[in-house]
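Remarks on the structure that follows.
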Amino acid sequence: MSVTETRRLRRAGTAAGGVRRHAGRARRWSRRVSTRLLRLWRSSLQVRVGAITTVVAGTVVVIVSLVLFSQIRDQLLRVKRDAAVDQVQTGVSYAQSEVAGIATGDAPTVRATLDSTVKALLNRGGAAGDFDVVMTYRTGDIERPASSRRFVYQALPDDLRADVEAGNQSYKYAMIPDRAGEPRPTLVVGAPVPSEVPGGERIELYYAFPLDQEAESLSLIRSTVVISGVALTLFVVGIGVLVTRLVVDPVRQAAGTAQRLAEGQLEERMAVRGEDELARLATSFNAMADSLQRQITQLEGLSQLQQRFTSDVSHELRTPLTTVQMAADVLHESRGDFPPHVARSAELLRAELDRFESLLTDLLEISRYDAGAAVLDSEATDLGALLRRTVDGMAALAARHECELVVDVPDEPVIAEVDARRVSRILRNLVGNAVEHGAGEPVEITLAANRTAAAVTVRDHGVGLSSVEAQHVFDRFWRADPSRVRTAGGSGLGLSISLEDARLHGGWLQVWGQPGAGAQFRLTVPLRAGGDLTSSPLPLRPVVQRRQPGADAGPGPGRTGTADAAGTSGGVVPGARPAGAVPAAAGSRDRAHDDRAHDDRAHDDRALDGRSGDGPGGDGPGGDGPGGDGLDRDGVAASAPTERTYR
């Protein structure tokens, strides 16, 4: 290949690349424009009404204009045609009298008679306007024409000449050259001229009426109709938009007022103007807002009263509890001197007083959250070391339940800005809960981190969670089986406080469960205080599900849980933003990390967060944040373990 051909190919490739780039830019621009127009169409009622009004009004105006223009054109041409026919008939009578004395076969006489007749007809004028005249004299195969202007005779339509030759008066619209040779629309009328000349001679008379004036009139009418149609369309569209605005503005104001009411501005009201339907709407809206404000104020008062009562009672019980504890300690230390049944009573008294003290502590803590007085004391903390200390503290409880605690912590430190006391309390509650409900099976505690977040999962292989239990697992003082004894001595507020601690960190507290297959809680916190979470380093669904016999037979003994004061059946804690993602099947990212069988998904469970999905974590191992996972709007997921998310 020569150098010239190489350069030519290179230039062709460069040109093709430039064309592709321009085409790509054009596609992206058109896509952006169409997206914006579609968003504007969906979000603005005024735009939809204006567009629909424009299309409808424009269509009506176009149809009316076409009909009107067609009628005007037909009327103008009809008037022109009638006048032309009358003039031709008059001309035929005159020509008949002029050619009566033509000498047969005398060519000069024929030509002179035709020319004089054409000139006379042209000078006579008529009501049809400007015209040209053509006369022909045919004998045998010889035809002698006479025309008032060149090119007219040659431009006569053949079908018109055939009709006239057959003895009929006829007319046609044709393009006849003007004096400058430019074709112009012309009305051509032809008629035979009766003659007393014997033989096969035939005389024909043609009139050509230019339609320049009619064309100018139609052009003016067309312009007027177009301008009037556009003006009428704009006028109708303006009226439609104005009427729509008169209706939409109050609705828009109502929507804005409702949004401000939802944001807590309970004093917002709509302005009432007039006595029409919109005024009645504003009046009804204001009445509804007044009622809501009264009810919310009453509920706030009751809530504050309840919080104050809980706080006051908890504080007031501190002093007598301390006194009773001191007396119980004395009795406990002297239990060796008592009879066996009295000594046992002293031990029970000591244990129950310890539970009572724990309950008071939890009540005081939850009252601080209810009052909004909880403060986060963040500092850089090694979560691995904190997790190990927490697990060491739970070793005695695990030993009593013959349960092994399996800890998986990264080799490198995981440093996060957290409140170590609160995170440790969350971990104690989760580990204690797993030990109590783990049925003696190992409890797996895993820590992992990515660039923005750290997560801890606590997995047990005990009784698991059903969908009904998952709806209440975070309710305060809730038990699946009220008759069940708390072997771990919990107050029933542990998970509720853990939830509040996680939310205070801006983190997530999520739960997955399946009857007979155990449960897994996951705590996710941002590495930096105040950071936003978009994904979690650990999957919510366990990597390996253990399917146990009888898993479909229903839940076992209940799991003690916590939640906000009025846990909701929809799975969203009042006052808490849902973590969005309650992956019904833990998402494709989780399936990519395990070899579990398909029959593990045979349970009928429910996602309880109102929204669902693995979120922006993608399909890799770092997902399970807020997002979408294919659940329906009610959160129902057929054949998926129960999962619940709080943030």
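Things worth noting here:
- Near ALA453, the amide H atoms lying under 5 Å from its own belong to LEU527; only residues 5 or more places off or on other chains count, and H is placed 1.01 Å from N.
- Listed residues HIS401, HIS437, HIS341 arranged by accessible area, highest first, probe 1.4 Å: HIS341, HIS401, HIS437
- Just so you know, the Rg over Rh for region 405-468 is 1.02, from Cα atoms, with Rh as the Kirkwood radius.
- Loop-resident trypsin sites (Lys or Arg not before Pro) (DSSP state other than H, G, I, E or B) in region 429-480 with no more than 11 further Cβ atoms inside 10 Å of their Cβ: ARG451.
- Taking amide hydrogens as placed 1.01 Å from N in the peptide plane, the amide H of GLU404 sits under 5 Å from those of VAL443, each at least 5 positions away in sequence or on another chain.
- Surface composition of region 42-161: carbon plus sulfur atoms contribute 56% of the solvent-accessible area (1.4 Å probe, protein chains only, all chains present).
- Karplus-based coupling profile of region 273-281, in residue order and whole Hz: 10, x, 9, 7, 4, 5, 5, 5, 4, with θ = phi - 60° in 6.51 cos²θ - 1.76 cosθ + 1.60 and x standing for Gly or Pro.
- Surface accessible to a 1.4 Å probe, ILE72 within the full protein complex, Å²: 50
- Tail fraction, Cα-Cα pairs, region 220-272, threshold 13 Å, whole percent: 69
- Couplings for region 121-126, taken from phi via the Karplus curve 6.51 cos²θ - 1.76 cosθ + 1.60 with θ = phi - 60°, read 5, 5, 6, 5, x, x Hz in order; Gly and Pro are left as x.
- When the residues LEU305, LEU292, LEU114 are ordered by accessible surface, computed with a 1.4 Å probe over the protein chains alone, the sequence from largest down reads LEU305, LEU292, LEU114.
- Most to least accessible of LYS119, LYS80 (protein chains only, probe 1.4 Å): LYS119, LYS80
- Accessible area of VAL19 in the full protein assembly, 1.4 Å probe (Å², nearest 10): 100
The values are calculated or read from the model by the stated rules, or taken from the named source; none is laboratory data. From a predicted model like this one, the values you see are computed outputs, not experimental measurements. Positions of Cβ are generated from backbone atoms using ideal geometry, with glycine treated the same way; all protein chains shown enter the neighbour counts. Areas reflect the complete protein model, heavy atoms only, side chains present, ligands, DNA and RNA absent. Shrake-Rupley method; radii C 1.70, N 1.55, O 1.52, S 1.80 Å.
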